[in-house]
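**Q** Structure provided below as structure tokens; questions to follow.
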Amino acid sequence: MKTLTSIARQASVCFALLTFAAAHYAWAQEGGGTDKPDQNRVGTVGAVELLIPVTARYVSLGATTTGGLPNMNGLEALYANPAGLTHNTGSTALFSRMNYLVDDIGVSYFGFGQRIGNDNHLALTVSSWNLGDIPRQSESAPEKSEVTFNVAFVSVGFTYARVLTDRISAGGTIKVVNESIDDVSASGVVFDAGMTYVVGETGLRFGVAVKNIGNELKYEGTGLTRRVQLPTQAGNASVNAVNIESEAMEYPALLNFGMAYSRQLAGSASLTILGNFRSNSFEQDQFSSGVELGLRDILFVRGGYEYVGNSEVSVWKGYTFGAGLNVDISGTQVSIDYAMAPTDYFNDVQFLTVSATL
């Protein structure tokens with residue numbers, strides 16, 4: 001039986017997380033998106049790749065997994081809420097892949113999670129973007145040539161999650177972010193935190209998570225160096241190496257509130273209905289919903305819809321769909337999930353996620 005001290009400690013942790021989330025929510029409301037007081041901040045955020053989903057199940061359910069699902073893979077759940085890592089039942093590995101909007105932009109997501117004892121969970125995740133070869137253009141040579149350069153975005157996450165009680169779990173993720181464009185780059189650290197709450201045996205779950213809390217991202221490197229003559233110098237004076245100072249950018253902080261309700265249907269079927277509210281610091285707030293129908297905990301069909309106030313500024317059509325297959329192979333649980341997110345102007349984005357749990 002847990003002591004009063006243990007219960008009080010767990011309650012204080014939950015209260016701290018909720019207070020942190022509420023404080024961020026108030027800040028976001030003042031900071032602005034298109035439906036907030038300061039509309040001039042839209043388009044000024046950095047590291048926007050942190051907002052792009054990387055796994056199939058999350059996408060197919062319309063980005064509604066903040067509260068988690070009973071049978072969800074922990075490595076997939078932690079993207080929406082670090083506390084979701086507590087879904088892991090042992091050692092888990094995951095790989096996910098998509099081509100983002102055009103064929104040249106490939107995104108890979110790797111993860112490894114480990115359950116330690118009954119209550120502690122650790123995970124390492126890596127998200128890597130490859131934007132292909134881009135023709136080099138400059139002020140002196142604006143025409144496209146055969147000379148190219150590369151752009152790469154990489155983020156590495158370290159997650160710790162803990163089961164506090166039989167109903168409450170909490171977790172946090174530290175992400176190291178690196179962006180490089182030719183010979184300039186930027187690096188930084190951001191933090192995610194969240195908790196989930198299960199309402200007894202009712203099938204109802206709630207979750208809250210804050211994401212991408214950090215300082216500022218600023219580019220540096222030799223690509224920002226120019227050789228020029230200063231205005232005060234004589235015309236025959238030698239040139240000087242001048243560094244152009246990059247403007248710092250804030251991270252795309254956001255707050256998610258989510259819920260999920262699951263119940264068994266006739267036979268071996270199950271149904272889960274999900275909902276989520278997202279408060280964005282730089283964009284419009286979003287409301288989303290999702291539904292998952294499962295058969296014998298083996299085959300799943302999913303759909304989701306995401307609503308924003310001004311859909312004309314988005315390339316997404318709003319609805320998503322997908323399917324999943326869970327099979328047991330000699331004691332190893334293997335999951336294969338697929339999702340599609342249709343767009344208006346680009347290629348429809350397709351996701352394939354494969355995971356295995358020992």
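**Q** Each residue of the range 334-339 in order: what ³J(HN,Hα) in whole Hz does its phi give by Karplus 6.51 cos²θ - 1.76 cosθ + 1.60, θ = phi - 60°, with x for Gly and Pro?
**A** 10, 10, 10, 10, 10, 8
**Q** Hey, could you pull the Cα Rg and Dmax for the range 291-337, both in Å?
**A** Considering the range 291-337 through its Cα atoms, Rg and Dmax are 15.5, 50 Å.
**Q** Heads up, I need the accessible area for ILE105: 1.4 angstrom probe, whole protein in place, Å², nearest 10.
**A** Taking all protein chains as shown, ILE105 has close to 40 Å².
**Q** With everything on Cα atoms, drop me the angle between helix 4-31 and the longest principal axis of the chain, reported from 0 to 90° to the nearest 10.
**A** 40 degrees
**Q** What residues of the range 174-205 lie in the reach of a label at VAL154, counting those whose backbone N is under 16 Å from a point 7 Å from the Cα along Cα→Cβ?
**A** Taking a point 7 Å out along Cα→Cβ of VAL154, the residues of the range 174-205 whose backbone N falls under 16 Å are 175-189.
**Q** Give me the percent of accessible area attributable to carbon and sulfur for the chain, probe 1.4 angstrom. List each step's numbers first, then the result.
**A** Numbers: 10640 of 18060 Å².
The value for the chain is 59 percent carbon and sulfur by accessible area.
**Q** Also, I was wondering about something else. Using a 1.4 angstrom probe on the protein heavy atoms only, could you order THR225, THR202 from most to least accessible area?
**A** Details: THR225 50, THR202 75 Å².
Ranked list, largest accessible area first: THR202, THR225.
**Q** On a 1.4 Å probe surface of the protein chains, which of GLU201, GLU143, GLU283, GLU76 comes out largest in accessible area, and what is the full order? It would help to have the intermediate numbers written out before the result.
**A** On the way: GLU201 180, GLU143 140, GLU283 80, GLU76 5 Å².
Final ranking, largest accessible area leading: GLU201, GLU143, GLU283, GLU76.
**Q** Per residue, how big is the convex hull of the range 66-207 when only Cα atoms are used? Give it in Å³.
**A** Numbers: hull volume 17.5 nm³, N = 142.
Taking the convex hull of the Cα positions in the range 66-207, it is 123 Å³ per residue.
**Q** Ranking request for peptides 235-247, 286-298: highest mean number of other beta-carbon atoms within 10 Å first, then the rest in descending order.
**A** Values: 235-247: 9.8, 286-298: 17.9.
The peptides rank, most packed first, as 286-298, 235-247.
**Q** Residue by residue through the range 130-144, what is 3J(HN,Hα) from phi via Karplus (6.51 cos²θ - 1.76 cosθ + 1.60, θ = phi - 60°)? Round to whole Hz and write x for glycine and proline.
**A** Once rounded to whole Hz, the list reads 10, 9, x, 8, 10, x, 7, 9, 9, 4, 7, 9, x, 6, 5.
**Q** Right, another one. Taking the solvent-accessible surface of protein heavy atoms with a 1.4 Å probe, what is the per residue accessible area of the chain in Å²? Present the calculation step by step, with values, prior to reporting the outcome.
**A** Working: 18060 Å² over 358 residues.
For the chain, the per-residue accessible area is 50 Å².
**Q** To continue, here is another question. Select from LYS144, LYS211, LYS317 the residue whose mean-square fluctuation is largest in a Gaussian network model of the chain (Cα-Cα springs shorter than 10 Å).
**A** LYS144
**Q** If I ignore ligands, DNA and RNA and count only protein heavy atoms, how much of ARG302 is accessible to a 1.4 Å probe, in Å² to the nearest 10?
**A** Answer for ARG302: close to 10 Å² accessible.
**Q** Sorted by average packing, counted as other Cβ atoms within 10 angstrom per residue and highest first, what order do 265-275, 176-186 take?
**A** Values: 265-275: 14.9, 176-186: 16.5.
With the highest mean Cβ count within 10 Å placed first, the list reads 176-186, 265-275.
**Q** Order the following by accessible area, largest value first: ASP344, ASP285, ASP103. Probe radius 1.4 Å; ligands, DNA and RNA are ignored. Walk me through the numbers on the way to the answer.
**A** Working: ASP344 85, ASP285 25, ASP103 115 Å².
Largest accessible area first, the list is ASP103, ASP344, ASP285.
**Q** Based on the alpha carbons, how large is the Rg to Rh ratio for the range 168-263 when Rh follows Kirkwood? Provide the component values of the computation, followed by the final result.
**A** Details: Rg = 23.7 Å, Rh = 17.5 Å.
A ratio of 1.35.
**Q** Might you report the magnitude of the Cβ-based charge dipole of the chain about its Cα centre, with Lys and Arg at +1 and Asp and Glu at -1, to the nearest 20 debye? Mind dumping the intermediate values first?
**A** Working: 22 positive and 33 negative charges, 249 e Å.
Computed about the Cα centre, the dipole is about 1200 debye.
**Q** Let me ask something else. Can you give the log10 of the normalised intensity I(q)/I(0) at q = 0.13, 0.15 Å⁻¹, computed with Debye over equal Cα scatterers of the chain?
**A** These q points yield log10 I(q)/I(0) values of -1.06, -1.38.
**Q** Hey, in the GNM for the chain with a 10 angstrom Cα cutoff, which one of PRO342, PRO142, PRO70 fluctuates hardest?
**A** In the Gaussian network model the winner is PRO142.
**Q** Helix-derived [θ] at 222 nm for the chain: sum -39500 (n - 2.57) over DSSP H runs of at least 4, divide by residue count, nearest 500?
**A** Working: 3 runs with 37 residues, N = 358.
It comes out at -3000 deg cm²/dmol, rounded to the nearest 500.
**Q** Okay, next question. With a 10 Å cut-off between alpha carbons and a GNM built on the chain, which of GLN233, GLN137, GLN284 moves the most?
**A** Maximum among the listed residues: GLN233.
The values are calculated or read from the model by the stated rules, or taken from the named source; none is laboratory data. Please read these numbers as outputs of a predicted model, since none were measured by experiment. Positions of Cβ are generated from backbone atoms using ideal geometry, with glycine treated the same way; all protein chains shown enter the neighbour counts. Keep in mind that these areas ignore ligands, DNA and RNA; they rest on the heavy atoms of the full protein, side chains included. Shrake-Rupley method; radii C 1.70, N 1.55, O 1.52, S 1.80 Å.
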